[in-house]
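The values are calculated or read from the model by the stated rules, or taken from the named source; none is laboratory data. Every value quoted in this text rests on a predicted model; they were computed, and no experiment measured them. Every residue, glycine among them, receives a Cβ derived from its backbone with ideal geometry; neighbour counts consider all protein chains shown.
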C-alpha cells in the first residue's frame, strides 16, 4: 500500500486502511469493483464518482487517496484527456485505468501519462483483486503483450511531446480543452463553466498558443493522440470550427 506522511507519523505497526476512488458511471461495474475491493480490503475507504468533474471534486475534498480506478469512457471527456486531468489533480495517487478499450496504441499513450496500471474490464475478479493489491503496493500493471507491442511504443512516442505541452495548461484550460474536443461552442462552454464568452475566448486562444496550433480543428486533431474514439475525430463536423467560425 502506498504510504503517506500521515502513515509515517503513526505508531509503528499502525497503518490506515487504503482509500480508493472509483470513477465509473456504469452502476453494475461500479458495484462489482466495490465488491472486489471490499472482499480484498474489508476496511478500505471507498469513494465514488460518476464523471471526471465529480472525480476532481472528490480529490479536492479528500486527502491521501491511495488509488484511483478510472473508466476511460466517462461523460464530459474525450479519450485519455480526462485521465490526464485526474493525473494532474492527484500526482501522488496511483492511477489505474479500467477499460473495455484494449488497444496497444491506447496503452502506449496511457503509459506516457504516468499511470500505474491498465486493466481490461474482462479481467476475472480474482485477478482483478490481485492487480489492485499489487498497484497499492507500488507495482505497475499493464498487459505485457500489449505494453511491448510496436503500436504501444508508437503511441508512447506520439503522446510524450503532447503531454509536455499539456503540462503548460491550467486546470481550467484543460477543462475548456476537453469541452472543445467534444465540439462544444464558446457559448455552451461559458454556460457550463459559469464564465463569460470573452473569458472562454481568452482560454481558447491560450490553449491554441500553448499547443502550438492555429485553430480548434488543429487542436482536436492533435489531441487525437490521446483519443481512442478515432471515428469521432475523423469527421470535420465533430472536430472543426463551429458554424459561427469561433476561434
Please find, within the stretch 76-100, the residue that is surrounded by the most Cβ atoms within 10 Å (Cβ to Cβ) out of those that are out of contact with any strand residue (DSSP E or B) (no Cβ under 9 Å at 6 or more places or on another chain) and more than 17 Å from residue 223 (Cα to Cα). 89
Taking the stated definitions as given, is residue 190 in a helix (DSSP H, G or I) and modelled with pLDDT of 90 or more? yes
For residue 64, only one of the following conditions fails: (1) closer than 16 Å to residue 141 by Cα; (2) modelled with pLDDT under 85. What is its number? (1)
Say we look at the stretch 209-223 and pick out the residues that are within 24 Å of residue 156 (Cβ to Cβ) and without any contact (Cβ under 8 Å) to a residue 24 or more places away in the chain; which of these is surrounded by the fewest Cβ atoms within 10 Å (Cβ to Cβ)? 218
Which pairs have Cβ atoms under 6 Å, sit 6 or more apart or on different chains, and link a residue in the stretch 124-136 that is within 13 Å of residue 39 (Cα to Cα) to one that is modelled with pLDDT of 90 or more? 125/36; 128/36; 129/36
Right, residue 177: in a loop (DSSP other than H, G, I, E, B), outside the structural domain of residue 52 (by TED's automatic domain parsing), more than 20 Å from residue 117 (Cα to Cα) and at pLDDT 70 or above or not? no
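Determine whether the stretch 110-128 contains at least one residue that is within 21 Å of residue 208 (Cβ to Cβ), at pLDDT 90 or above, under 14 Å from the mean Cα position of the chain (by Cα) and surrounded by fewer than 23 Cβ atoms within 10 Å (Cβ to Cβ).
no
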Can you report the number of residues in the stretch 180-208 which are buried (at least 17 other Cβ atoms within 10 Å of the Cβ) and touching a residue at least 40 places away in the same chain (Cβ under 8 Å)? 7
